[in-house]
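To keep things clear, I will list the structure first and then write my remarks on it.
The values are calculated or read from the model by the stated rules, or taken from the named source; none is laboratory data. These figures come from a predicted structure and were not determined experimentally. Glycine also receives a Cβ, built like all others from the backbone with ideal geometry; neighbour counts cover every protein chain displayed.
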Amino acid sequence: MTLQRLAEGRAAPSDALRTEPPAPCEYRHACEAPPWAHAADVSSLTSRECEIMLALGDCLSNAKIASTLFITERTVRKHIAGIFAKLTIASRSEAAVIASHRQRALRLKSGVSDTFEILAEPESLISSSTLERRQ
């Protein structure tokens, strides 16, 4: 209706930019996790699977995950298959949503540092046990 009034010259341009706030039942905060993400039991994951989940949460490719964790891409695929089975999910997107909303639990279980600089510093994605094996 406002656009029609604007076209007819009966409304100021600023009126066209105003919108009604969405109804409370239709609005969902961007950082609010869907119920199935809260229901995911990440306690059943191994520490390596938690590391992989964190990497999936950062949208890293299998190749990047493999090079960061010093494992093969085939091993990464096997871990991802295990994660999908344990969490009863079917896509990397679902894993990324769970990882982003359960990040703290995954970091604690995997031993990964609590910084948010995984992409800037891939070393922070490596657990202390992996670092010990490298040395």
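Some points to look at:
- Here the condition is being among the hydroxyl-bearing types (Ser, Thr, Tyr), in a helix (DSSP H, G or I) and at pLDDT 85 or above; of Ser100, Ser129, it holds for Ser100 alone.
- Complete set of residues in segment 56-88 that are more than 8 Å from the chain's Cα centre (by Cα), aliphatic (A, V, I, L, M) and either surrounded by fewer than 18 Cβ atoms within 10 Å (Cβ to Cβ) or in a helix (DSSP H, G or I) (or both): Ala63, Ile65, Ala66, Leu69, Ile71, Val76, Ile80, Ala81, Ile83, Ala85, Leu87
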